[in-house]
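Only one structure is covered here, and it is reproduced in the block below.
Every number here is computed from the coordinates shown, using simple stated rules; none is lab data. Bear in mind the structure is a predicted one, so any value in this text is a computation, not a measurement. Ideal geometry is used to build each Cβ from the backbone, glycine not excepted, and the neighbour counts take in all protein chains shown.
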Amino acid sequence: MSITTDQLRIAYETLTRMTTGRDDASYDAALTAVGNAAGAASGTNPVTGGHVVNAMPTAIAAVVASMQSSVTRANDLSSSVTSLAGAVEQARGGATSLNDGLGRLEQGQARLSSGL
């Protein structure tokens with residue numbers, strides 16, 4: 001747990017144990033606000049113990065999942081670029097061979113034109 005989560009939990013528990021001050025007009029709003037903040041920070045509703053949707057742990061988990069997906073896509077892209085580089089190298093080698101063959105054909109044609 002983080003300091004924020006711990007302190008919000010302590011504040012909420014302290015407010016629920018208070019005896020003096022509960023009649024204050026702002027008490028219920030303060031208890032609700034601290035409870036909501038504690039739930040959002042921890043992912044657990046302090047009253048029910050249930051999961052809080054859109055809480056920080058949920059948001060962090062979503063960001064982590066998105067980053068993992070991005071890493072996977074980046075790795076796939078890197079692998080594709082490596083494959084493409086290999087294919088380009090093969091094409092370069094093929095072009096060199098074709099160029100060499102064309103040179104031999106031109107020499108052969110010249111020899112044929114001159115009567116061997």
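At a glance:
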item	result
Region 8-30: number of residues that are closer than 24 Å to Ala59 by Cβ and surrounded by fewer than 15 Cβ atoms within 10 Å (Cβ to Cβ)	1
In region 98-113, the residues that are loosely packed, with under 10 Cβ neighbours inside 10 Å and among the small types (Gly, Ala, Ser)	Ala110, Ser113
Of the criteria (1) surrounded by 10 or more Cβ atoms within 10 Å (Cβ to Cβ); (2) of a type in the set (A, V, I, L, M); (3) farther than 15 Å from Thr4 by Cα, which one Ala33 fails	(3)
